[in-house]
Structure formats: structure tokens, C-alpha cells
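Report on the structure given below.
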Amino acid sequence: MSASPTFSRRLLPWAGIGILVLAWAVVPFIVGRSIVDILVFTALYTIAGLGVAFLLGQCGIVSLAQSVFFGIGAYSTAYGLTAFKMPAVVAMLVGVAISGSIAAAVGFPVLRLSGYFLALATLALAIIGHVLFLEWEWLTGGTLGIGGIAPISFYGYPLNTPFRFYYLVWPIVVVVIWLHYNLLRSRTGIAMQAMRDAPSAAAVIGVSIAHLKVKVFVLSAVLGSFAGSLFAHYVSFVSVDSFGVDKAITFLLIAVLGGVRSIAGIVLGALFVTAAPHWLSKFGDVHALLFAVLLIVAVIFLPGGFGGAIAQMWRRLGGESRVAEILGSVRRP
Amino acid sequence: MSAILEVRRISHRFGGLHVLRDVNFSVAEGSVTGLIGPNGAGKSTLFNIISGFLRPTDGDVIDSGQSITNLSIHDRSYLGLLRTFQTPQVFGNLTVRENLIAGCYKEGRTGVIAGLFKLPAVRKEFAEGARLADQACAAFGLEAVSNQLAGSLPAGKQRLVELARAAISRPRLMCLDEPSSGLSADEVAQLMLILRHLNETGITILLVSHDMQVMAISSVTHVLYFGEIIATGSMSELQADPRVREAYLGA
């Protein structure tokens, strides 16, 4: 009997996760359509935000270019489906291929920079991308956009409502997180973390810094593009307004708020940037100001981001530290 | 004994400042070769040229007969040429064990895709790395701290982690930059034992230091003074050499 309190303490956090999954499954039945819509956007932004967080947390690269890849994915899906009647998966893969190729081509010269210069260079990419999306009307429809993008369907069952899309996109998020975690525990992942902590020493053990940075940048772009394609299917209409610099900042915000090395934190970061503006809009014109205040408060009270806070809570509940690592990835001694 | 590394007519200028002039020396295979000199002699510059962090203005670095002057740092690593740093460079947010697994990077073959899907090859590679890492932890006395973050360790332990991480990939030549800096007397003694052991297992060592005590383990030592090699010999020979005494003591 003496072992039972420890046992229940260990079980408690897992029970928490079980409840979370159950809550996830029933939420769309309880809340209204607009909230399910927000939760779908949270998932989409989580995928794109993970790409940015990956660059920042594992390589120390600040990227403001994610909006470009998000846009490329969205336009590939929109144009591929409407102009060429491509299957959804093919259009998605075309977007991923274009994004990956651009990231590789741009990455080699740009990733030689570091710090502020690199951030500025990626900001320049975001601006150039936005201008091209606007100017190339033949491809993107300019400000008019492209409409009538077919929803993703499974055996003739269209996922054309927030309710239905919700059950597609969240399992995708889980898969992406699983892949992300796998990578960190592989040879390449260890090399990335080595490069982040001590680039000179990483080169000495045989890591080609320039190549590895480009690889991570490509991976990040692929995630952005993938999220963009899903976004296009979900909203069925894309226009240049969705791929501006403000979107790039939103994605970076997700990474920073989440706590750059936390995976679970990224989800909360994405929830914050999608849900907070929505609720604050009730207050009328001051909502942007209130959002800014909320951001500042979050940064002051959660220096480790949401991820750091979760990891701490998990430990307090007596969960294994290994799980806390996965959740929070905060391993400060 | 053949030369594993040869420095041929290396000169280096920073702007108008001649840091190295026509430096020639070689490191014999299997030896512990020392490079000493007072502060500002050009040791670090020469060391950075040898390890690939700097391209010389003139001259060549030869590895077993092949010029490596313009080879990248990571390519030199694949040739078996590894260096350490004056301030230990560990991967601070990784555990000691993970630092050593990182040291096995060159043995691995798996790429990003395999890593994402955790293919069997990745698991196998990781398990092999972990096995080697545990061995190295035992050999370097790091077992007690193997699961601690390397960044949280004191300087002496970080130095050991750095050495173990370099040794785990079985390099041919290890270049050590001031390995005793920041270490206590006990730690220096332990360091010397370890270096001797590494040398006995077949690793050639090039030791750069201004610390005479550490130089006791070198078989041949070159003295660098204001960008030139002014003397070469065993430590006892050098200590008797008037030019060396002058360079060091200004007497």
C-alpha cells in the first residue's frame, strides 16, 4: 500500500493528458462554430510556427520569412487546384518543392549572415515575397485573390466546415510534433543543437555548418508551405492580404511566446496569437493596444515562454523529467 | 618517423602586422609535439591556421604529404585532425553523454529524412554512439556527471568533456590549445595522465601552451618568438638554450 501514493503521483500527469485528449475530442460539440474556427487556425499556425521555432531554438536563426513560404504553399494549392485541376496532395507537394528549393537557393547566401543582419535579410525576403504575390496577378490574382479552392475530401466526404477540418488538422499537428521530436534525437538533430551551442566546436567534430543551416531552413520552409496549403483548402479563398509582413511577425511571435525550444509551448503560442485578438476585438478600436499590453505581460511573467511554464507545472505535479523535457524542452540546470 | 603534419613557410599578416614569418616545423607521427612561446608570439594564429580557422597569407599546411591549407574545418575533421579551444567549447544545453554522442557524428550516415521517421538505422547509430559515449565517460572519469548538462559543469570538467568528445572519434592528430588554462594543479596532473594515455593509444598530439609544466610530456618542442621559430628540441635542451631563456625571462 505504501507504494500507492507515488504511483498515483506518477499517474496523475498522464491522467491529465488523457483528459486533455478527451477534451480535445468533445470541444467542437460544445463550443460554437467561431471557436472551432479559431482552434483550426491555432493548428495551422502551430505547424508554421514550429518551423520558425525550430530555426530559432535549434539553430539560433531568427526568421521573418515564414510568411513567404506560407504564401507559396497557399498559392500552389490555389493555382494548382483551380487552373490545373491537380489533386490536393500533388498541389501540396508542388508547393513544398517550390518552397524547399527557394529556401535552399536563398539560404546559401543569406544564412552566412548572423544576428540582426540575418533577421533583416529574412525580413527583406518577406517584403519581396509580399510584393511579388501582389504584382504577379496572373498567378496569384493580386488583391482579388483566388477563390473556389476545393476542400480536402476523403472518399467523397468534403472537410468543408470548421468542425470537420478540426479533426483533420489536429492529428496532423501531432504527427508533425512527433517528427520534430524524432529529428532532435537523431544524428542531424544532435548536430543542430551542437551548432547552436558552440558552432566552432561543431565544425571541429565534422559538422558542415553552412550545409546544416540550409537544411534546417529548408525544413522550416517546408512546414510553412504545408501549413499554407492546408490554410488554402480551409478558407477556400486566398489573397495577398494573408501573406504580409504582419503574418511573418505573427509566426515569429508564436515561437518566442511558446518558448523557442518547447514543442507544447508552440501550440499555446499559436493559440495566443489566434484567440487573443479575437476576444480583444470586443473592446473595439483599442484591441490592438490591448493585445500589445497582453504580449508585454506574457513576456515579463513567462520568460521561458509558455513551454517553460508547462514544464515547471509538470515537474510540480511529479511527472517524469523526461516528459517535462518533451513538453517544455527547458533543461536549464 | 614520418611527419603527420608539416607547416611549410607559413607567413601571416594582419594588415601591416607580421604575426608569423616563414614558420617551418613538422609533427612526427605518434609524437607529442609542443609549441611554446610567450604571449603575443603568434601561437594562436599559427594554431588557427593549422586547424582551418584562418587562411595564411603565405605558405602551406601539409597533412601526410597532401596540402590542406584551404580545406574547411569539417573536412580536416574527416581527415582525423581535431582541435580543442583555450576556453573549453562544450555543447552547453546537451548532457555530457550527448556531447560525446555528438563526437561520433562522423561515424554516422543517416540524414534528415531518416531522422524524422526514426528509421532503424537512426536507432542503431544512436545506440552505438551511446555505447561509445558510456565507454568514454568511464575512461575520462565522467560517469558521475554523464547526465548533467555540459554547460553546468566547472571548467576542469568541461575540458575533460571536450577532450573525450575529440578522442571518441579516434583522431590521428589532436591539436590542443592551452589545455591547462583555467585548471587547478590537481586537474593539470590528471590532464597530463590523460594526454599521455591518449598518445599511447596512437593519437599524435600537438600541444600549444605557454605553461612549461604541461610541456613536460612533449618529446619535441618548438619555441615561437615574435612570429619565428627560434629553437627546437627537448624541454631540457630548451631550458639550457640561452635564446629561449632570453625570450622567456628577458634576461
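Using the structure shown, decide if A:S34 is in a helix (DSSP H, G or I), hydroxyl-bearing (S, T, Y) and under 29 Å from A:F272 (Cβ atoms).
Judged against the criteria, A:S34 is a match.
Of all residues in region B:86-125, count the ones that are closer than 18 Å to B:E162 by Cβ, more than 7 Å from chain A (Cβ to nearest Cβ) and not in a helix (DSSP H, G or I).
The qualifying residues number 5.
Testing B:G151 on (1) in contact with a strand residue (DSSP E or B) (Cβ under 9 Å, 6 or more places away or on another chain); (2) touching a residue at least 40 places away in the same chain (Cβ under 8 Å); (3) at the interface with chain A (Cβ under 9 Å from one of its Cβ atoms), one condition comes back false. Which one is that?
(1)
Scan region A:286-305 and report the pairs whose first residue is within 16 Å of A:A255 (Cα to Cα) and whose second residue is basic (K, R) and surrounded by 15 or more Cβ atoms within 10 Å (Cβ to Cβ), with Cβ atoms within less than 6 Å and a gap of 6+ or a chain change.
Close Cβ pairs (under 6 Å, with a partner that is basic (K, R) and surrounded by 15 or more Cβ atoms within 10 Å (Cβ to Cβ)) do not exist here.
With the checklist (1) out of contact with any His (no Cβ under 7 Å at 6 or more places or on another chain); (2) crowded, with 17+ Cβ neighbours inside 10 Å; (3) in a helix (DSSP H, G or I) in hand, flag the one item B:H12 doesn't pass.
Only one criterion in (1) out of contact with any His (no Cβ under 7 Å at 6 or more places or on another chain); (2) crowded, with 17+ Cβ neighbours inside 10 Å; (3) in a helix (DSSP H, G or I) is unmet by B:H12, namely (3).
Which residue out of B:V223, B:V161, B:V208 is among the β-branched types (V, I, T), under 30 Å from B:E128 (Cα atoms), buried (at least 20 other Cβ atoms within 10 Å of the Cβ) and modelled with pLDDT of 90 or more?
None of the others qualify; the one that does is B:V161.
Between a residue in region B:166-179 that is more than 12 Å from every other protein chain (Cβ to nearest Cβ) and any residue that is buried (at least 23 other Cβ atoms within 10 Å of the Cβ) and not aliphatic (A, V, I, L, M), which pairs come within a Cβ distance under 7 Å, given they are 6 or more apart or on different chains?
From residues that are more than 12 Å from every other protein chain (Cβ to nearest Cβ), the pairs are B:R172/B:T204; B:L173/B:T204; B:P179/B:R159.
Which residues, counting only those in region B:168-185, are over 17 Å from B:H197 (Cβ atoms) and not in a loop (DSSP other than H, G, I, E, B)?
Within region B:168-185, B:C175, B:D177, B:A185 meet the criteria.
Sort through B:S72, B:S67 and tell me the only one that's over 14 Å from the mean Cα position of the chain (by Cα), at the interface with another protein chain (Cβ under 8 Å from one of its Cβ atoms) and surrounded by fewer than 22 Cβ atoms within 10 Å (Cβ to Cβ).
B:S72
Considering only residues that are without any contact (Cβ under 8 Å) to a residue 24 or more places away in the chain and not in a strand (DSSP E or B), look in region B:205-237 and name the one that is nearest to B:L46 (Cα to Cα).
B:S234
Which of the residues belonging to region B:37-68 are closer than 15 Å to B:L224 by Cα and part of a loop (DSSP other than H, G, I, E, B)?
B:G37, B:P38, B:N39, B:G40, B:A41, B:G42
State yes or no: is A:V256 under 23 Å from A:L179 (Cβ atoms) and part of a helix (DSSP H, G or I)?
Spelling it out, A:V256 is indeed under 23 Å from A:L179 (Cβ atoms) and part of a helix (DSSP H, G or I).
Of the residues A:V52, A:V40, which is in contact with a Pro (Cβ under 8 Å, 6 or more places away or on another chain) and assigned to a helix (DSSP H, G or I)?
None of the others qualify; the one that does is A:V40.
Here is a yes/no grid of residues against (1) in contact with a Lys or Arg (Cβ under 9 Å, 6 or more places away or on another chain); (2) not in a loop (DSSP other than H, G, I, E, B):
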{"site": "A:T82", "(1), (2)": "no, yes"}
{"site": "A:L93", "(1), (2)": "no, yes"}
{"site": "A:S99", "(1), (2)": "no, yes"}
{"site": "A:G107", "(1), (2)": "yes, yes"}
{"site": "A:R112", "(1), (2)": "yes, no"}
{"site": "A:Y116", "(1), (2)": "no, yes"}
{"site": "A:T122", "(1), (2)": "no, yes"}
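Taking the criterion of being part of a helix (DSSP H, G or I), within 12 Å of chain A (Cβ to nearest Cβ), basic (K, R) and surrounded by fewer than 21 Cβ atoms within 10 Å (Cβ to Cβ), would at least one residue in region B:129-141 satisfy it?
no
Are any residues in region A:236-251 in a helix (DSSP H, G or I) and surrounded by fewer than 24 Cβ atoms within 10 Å (Cβ to Cβ), and if so, which ones?
If the condition is that a residue be in a helix (DSSP H, G or I) and surrounded by fewer than 24 Cβ atoms within 10 Å (Cβ to Cβ), then A:V240, A:D241, A:S242, A:V245, A:D246, A:K247, A:I249, A:T250 are the ones that fit.
Residues that are touching a Lys or Arg at 6+ places or on another chain (Cβ under 7 Å), surrounded by fewer than 18 Cβ atoms within 10 Å (Cβ to Cβ) and at the interface with chain B (Cβ under 8 Å from one of its Cβ atoms): which helices (runs of 4 or more DSSP H) entirely in region A:144-235 hold 1 or more of them?
A:162-184
Under 7 Å between Cβ atoms, at least 6 apart or on separate chains: pull out the pairs that start in region B:43-60 with a residue that is at positive phi and end on any residue that is aliphatic (A, V, I, L, M).
Hits for this filter: B:G52/B:L71; B:G52/B:I73; B:G59/B:I10.
Mind telling me which of the residues A:F226, A:F231 ends up being over 23 Å from A:A119 (Cβ atoms), modelled with pLDDT of 95 or more, among the aromatic types (F, W, Y) and touching a strand residue (DSSP E or B) at 6+ places or on another chain (Cβ under 9 Å)?
A:F231
Taking B:L238 and the conditions (1) under 13 Å from B:G34 (Cα atoms); (2) within 14 Å of chain A (Cβ to nearest Cβ); (3) over 20 Å from the mean Cα position of the chain (by Cα), which numbered condition does it fall short on, given that it satisfies the others?
Condition not satisfied by B:L238: (2).
The values are calculated or read from the model by the stated rules, or taken from the named source; none is laboratory data. Everything numeric in this text was worked out from a predicted model, so none of it was measured. Neighbour counts are summed over all protein chains in view; Cβ atoms, including those assigned to glycine, are modelled from backbone coordinates with ideal geometry.
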